[in-house]
Each structure stands twice: as C-alpha cells, then as structure tokens.
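The values are calculated or read from the model by the stated rules, or taken from the named source; none is laboratory data. All values derive from a computational prediction rather than experimental measurement. Every residue, glycine as well, gets a Cβ built from its backbone with ideal geometry; the counts of neighbours run over all protein chains shown. SASA here: full protein model, heavy atoms, side chains in, ligands and nucleic acids out. Shrake-Rupley method; radii C 1.70, N 1.55, O 1.52, S 1.80 Å.
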Amino acid sequence: MSVIVVGLNHRSAPLDLLERVTVSPARMAKALADLRSRATLDEVVVLSTCMRTEVYATAERFHPAVQDIRNYLCESSFSAPEDIADHLTMLYDDGAIGHLFAVSSGLDSAVLGESEILSQVRGAWQVARDEEAVGPVLSGLFRHAVEVGKRVRSETAIARGTTSVSQAAVALAADRLGGPLVGRRILVLGAGGMGEGMAVALADAGVAEVQVANRTRSRAQALATRVGGRAVGFEQLATALGDVDVLLTSTGSPEPLLTVDDLSPILAARAGRPLLIVDVAVPRDVEPAVRQLDGVTVLDIDDLRGFARAGLEDRRREVVRVRGIIDEEVASYLSDATARQAAPTVTALHDRGESIRLGELDRFRAKLEGLDEREREVVEALTRGIVAKLLHEPTIRLKDAAGTPRGERLADTLRSLFDLE
C-alpha cells in the first residue's frame with residue numbers, strides 16, 4: 001500500500017485553473033465520498049486552500065489511482081483532461097510524505113513560512129476523520145505532518161516576520177498605497193479564518209476604521225467587536241464601498257460577489273476617489289473584468305505571490321535547516337511505518353508460538369503434576385526460552401526487510417508455514 005498525492009498548487013497551475021478545482025467546505029463531504037467510491041483508492045484526505053487543491057490517498061497501484069484522482073478533478077471542475085494534465089503534481093511514498101511535510105512547514109507556500117497552512121492541514125485531516133475517509137495510514141501521516149510543522153517553527157526562524165497570507169494581504173495594500181494604512185478606512189469582506197487574520201492585522205496597523213461584512217451577520221459582528229470595528233450587512237455593501245479606501249476580501253463563495261455591474265455605479269458615485277481591492281479568495285470574489293474599470297485597482301493572489309517573494313532573505317536562509325528537519329522526519333516516519341507493516345505478522349507469529357507452547361504443556365500436564373513450584377517455574381522458563389530462540393531469527397529478518405518486496409515474501413511465507421491469520 002503506497003501513499004500518493006495528486007493535485008495542483010500555486011507553483012504548478014494558473015489562478016483560473018486553481019479556482020475551478022477548489023473544493024469549498026460545503027462540497028468537501030461529497031468530494032471525499034466520491035473519491036472513496038473509486039476502486040483504486042482506500043484512505044483519502046483533500047487539502048484545498050487558496051494556494052492548492054491536493055488529494056492524498058493510499059492505493060495499491062500508483063498509475064490507476066492517479067488516473068482516478070485526475071478524473072475526479074476533471075469532473076468536479078468541468079475541465080478537459082488536457083487542461084489539467086500538464087499542471088498536476090504527482091508523487092508517491094517518500095516523495096508524497098516529504099511534500100506534505102514541506103507544505104505543513106510553509107516551504108511550499110506563496111508566503112514562505114506562513115502559519116495558516118498548519119491549521120489548514122489539521123483541518124483537512126479532521127474533516128476526513130469526521131467523514132470516515134481515513135484510516136491508520138493517513139491519520140498517522142497527517143498527525144506526523146502537524147508535528148513537523150510545529151517543530152520547524154519552533155527550531156528555525158522560518159516563521160519570523162510577515163508569515164501569513166492575511167498579513168501579507170494587509171502589507172500588500174500598504175505597499176500599493178505607498179505607506180502605512182494609518183487613517184485609512186478599510187472594509188473586510190468575509191469573516192472566516194482569512195478574513196479574521198486580515199482584520200486582526202488591520203487592528204494593529206492604526207487604521208481609522210475597520211468594517212466587516214459577512215453573509216452571516218452574527219459572525220461579522222463578532223469579528224468587528226473583537227477588532228474594535230463595525231459590522232456591515234451584505235445589503236449595505238454598496239454604501240460601504242462608497243466610503244472606504246480599501247477592500248480586503250476572502251470568502252468561500254464559488255462565484256464572484258462583485259461584478260462590473262455591481263461596481264460601476266459605486267465607482268461613479270465615488271467621484272474620482274480611487275478604490276484599492278485586494279482579493280485573496282480562490283475562487284476570486286471580484287470578477288476579473290473589474291480590473292478594466294477606471295478608479296479601481298484590483299490585486300489578487302498572483303500579485304500577492306509576487307509581493308511576498310520580495311524581502312525574504314532572512315527566512316530563505318532558514319530553508320536549508322528546514323529541509324534538514326524534513327529529511328530527518330521523513331526517515332523517521334518511514335522507519336516507523338515499515339515497523340508497523342511487520343508488526344501484525346510478528347505478533348501473530350509469537351502468538352502462534354505461545355499457543356503451541358501452552359498446548360504442549362497442557363498435553364503433558366499429567367506427567368508434570370509431581371513437580372513442585374520451583375520445578376514448574378523452571379519448565380515454564382525453559383519452554384518460553386525455546387520458543388523465543390526459535391522465533392528470534394525469523395522476527396529479526398522480517399523486521400529488517402519490512403516495506404520491501406522481500407519483506408512481503410517473507411511475511412507470506414511465515415503466514416503460510418505457521419498458518420497465521
């Protein structure tokens with residue numbers, strides 16, 4: 001059984017394709033059920049963020065499993081196979097494990113070392129557990145990935161400075177406006193994890209006012225109260241957009257929330273006052289054609305990625321140390337995994353030996369009745385020792401070969417010779 005990962009990310013695919021393959025929280029249960037129903041896939045976790053949509057799975061055969069995942073991505077995004085094929089990341093076993101550890105460490109993020117990905121990895125695993133889509137292999141792998149992410153951030157400086165997409169979005173807005181956001185009026189659209197991160201970052205930036213809009217008014221109110229801002233209903237968006245200097249948006253909407261038709265009258269009413277929009281949602285919250293309107297500047301996740309590449313020299317120097325930790329943790333995980341593969345056969349072998357020993361002692365019970373307590377202990381120790389010595393060499397050889405074709409042959413042979421379940 002191999003661990004594989006197949007998917008697309010911000011390095012391999014254009015934004016419009018990432019938008020199409022994104023799996024929203026509302027669709028995640030269906031996606032997991034769909035993937036689990038495919039004959040080649042066993043355990044499944046789907047990690048879908050603004051930067052990536054990746055399917056982690058266990059499978060007996062790599063190529064048929066990749067084909068099933070690719071088919072799912074095409075079907076769910078209404079994309080032709082040729083549109084996706086050249087952009088897919090496809091890895092297995094230690095390559096897939098190392099990739100997940102790099103993702104949880106923030107090495108594969110647009111903002112190097114960003115912290116939000118760790119909670120997203122944990123969240124993807126939790127959803128898969130809730131939907132009973134994972135078993136011992138992927139649960140063990142994702143648990144290890146979360147620990148690797150924590151270790152990397154505690155032992156290196158990879159997370160120093162601006163290390164979240166939400167922080168980077170606020171920094172990008174300030175950079176585009178030519179200085180700090182002090183005195184600016186900002187509207188945050190979306191009160192989820194990313195929106196919360198942006199609102200909190202704004203609260204520390206000295207802005208004049210933070211307004212928060214969300215479909216669920218209570219969530220907008222809770223976040224606004226936390227940052228000392230003001231909640232805005234969706235029905236008040238047009239009014240709010242007429243007043244603010246900057247819109248920061250990141251919702252989970254599958255369709256654009258702001259179109260040319262929505263923004264044209266708003267921009268006209270602003271009488272030439274420019275509006276800056278930073279849209280870090282995937283799929284995008286703002287229709288791409290809005291960029292063509294006068295009086296508005298729209299920046300998206302591609303712009304943020306380019307901005308984040310600047311000024312990272314200090315954190316880049318930590319990459320070598322992080323890679324070393326990841327390599328060490330991959331080796332540790334693989335060592336533990338191979339031992340786990342051998343464990344059921346080893347346990348069954350020793351249980352079989354103990355069963356035979358006890359059976360023989362029972363068969364000779366009548367002849368042993370005359371022994372005193374000390375003599376009985378000697379017989380017990382002698383028979384245990386004989387069984388242990390007989391099984392020692394097969395156990396060592398099986399453990400040493402675990403995870404290899406030879407190990408599988410040895411396990412099959414032992415199960416056949418000793419009639420192991």
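Could you tell me the center-to-center distance, by alpha carbons, between segment 223-243 and segment 101-139 in angstrom?
Here the two parts' Cα centres lie 32 Å apart.
Please find the FRET efficiency linking VAL378 to GLN126, where r is the Cβ-Cβ separation and R0 is fixed at 41 Å, and quote it to the nearest 0.05. Write down the numbers at each step before the final one.
Details: r = 54 Å, r/R0 = 1.33.
Here the calculated transfer efficiency is 0.15.
Let me know the charge dipole size of segment 59-180 about its Cα centre in debye, to the nearest 20, where only the beta-carbon of Lys, Arg (+1) and Asp, Glu (-1) is charged. Mind dumping the intermediate values first?
Details: 10 positive and 17 negative charges, 125 e Å.
My answer is approximately 600 debye.
Can you give the Rg to Rh ratio for segment 321-421, taking only C-alpha atoms and Rh from Kirkwood? The partial results should precede the final answer.
Working: Rg = 19.2 Å, Rh = 16.1 Å.
Using only Cα positions, Rg/Rh for segment 321-421 is 1.19.
Given a Förster distance of 25 angstrom, what is the FRET efficiency for ALA80 paired with THR259, based on the Cβ-Cβ distance and rounded to 0.05? Mind showing how you got there, number by number?
Working: r = 26 Å, r/R0 = 1.05.
The value I calculate is 0.45.
Are there DSSP H segments in the chain that both extend 27 Å or more along their axis (alpha-carbon positions) and score a mean Kyte-Doolittle hydropathy of at least -1.0? List them, or say none.
Details: long enough: 136-155 (28 Å, -0.13); 319-363 (65 Å, -0.22); 373-401 (42 Å, -0.39).
Result, helices passing both filters: 136-155, 319-363, 373-401.
Set Lys and Arg Cβ to +1 and Asp and Glu Cβ to -1, take the dipole of segment 111-235 about its Cα centre, and tell me which of ALA208, ILE117, LEU181 lies farthest positive.
The residue sitting most towards the positive pole is ALA208.
Give me the distance in nm between label points sitting 7 Å out from Cα along the Cα-to-Cβ direction at ASP302 and THR395, one decimal.
Computed distance between label sites ASP302 and THR395 equals 6.1 nm.
Less than 14 Å from a label point 7 Å out along the Cα-to-Cβ axis of ARG415: which backbone N atoms in segment 1-34 qualify, by residue?
Only 1 pass the distance filter.
With +1 on each Lys and Arg Cβ and -1 on each Asp and Glu Cβ, and nothing else charged, work out how big the dipole of segment 184-245 is about its Cα centre, in Debye to the nearest 20. Don't jump to the answer; show the numbers that get you there.
Details: 7 positive and 6 negative charges, 37 e Å.
Value, rounded to 20: 180 debye.
Taking only protein heavy atoms and a 1.4 Å probe, what accessible area per residue, in Å², does the chain have with all protein chains in place? Please list the in-between numbers first.
Numbers: 20400 Å² over 421 residues.
Spelled out: the 1.4 Å probe surface of the chain, per residue, equals 48 Å².
What is the percent of Cα-Cα separations in segment 59-212 that go past 26 Å?
Numbers: 5245 of 11781 pairs.
Value for segment 59-212 (Cα pairs over 26 Å): 45 percent.
Who wins for biggest fluctuation among VAL227, VAL379, VAL207 in a Gaussian network model of the chain, springs between alpha carbons below 10 Å?
VAL379
What's log10 of I(q)/I(0) for the chain at q = 0.06 Å⁻¹, Debye sum over Cα points only, no solvent?
-0.36
Grab the other residues whose beta carbon is less than 13 angstrom from that of ILE356, score K and R as +1, D and E as -1, and report the net.
On the way: positive: ARG352, ARG357, ARG363, ARG384; negative: ASP351, GLU354, GLU360, ASP362, ASP419.
Taking every other residue near ILE356 into account, the sum is -1.
Taking the inverse of the average 1/r across all pairs of different Cα atoms in segment 194-243, what Kirkwood radius in Å do you get? Write out the running numbers ahead of the final one.
Numbers: mean 1/r = 0.0922 Å⁻¹.
Mean inverse Cα-Cα distance, inverted, gives 10.8 Å.
Can you give the charge dipole size of the chain about its Cα centre, rounded to the nearest 20 debye, using +1 on the beta carbon of Lys and Arg and -1 on the beta carbon of Asp and Glu? Present the calculation step by step, with values, prior to reporting the outcome.
Details: 50 positive and 62 negative charges, 141 e Å.
That gives the chain a dipole magnitude of about 680 debye.
Measure off, as a whole percent, the carbon and sulfur share of the 1.4 Å-probe accessible area of the chain, all protein chains present.
Values: 10470 of 20400 Å².
Using a 1.4 Å probe with all protein chains present, the chain comes out at 51 percent carbon and sulfur.
Amide H to amide H, which residues 5 or more places from ALA402 or on other chains are under 5 Å from it, using H placed in the peptide plane?
none
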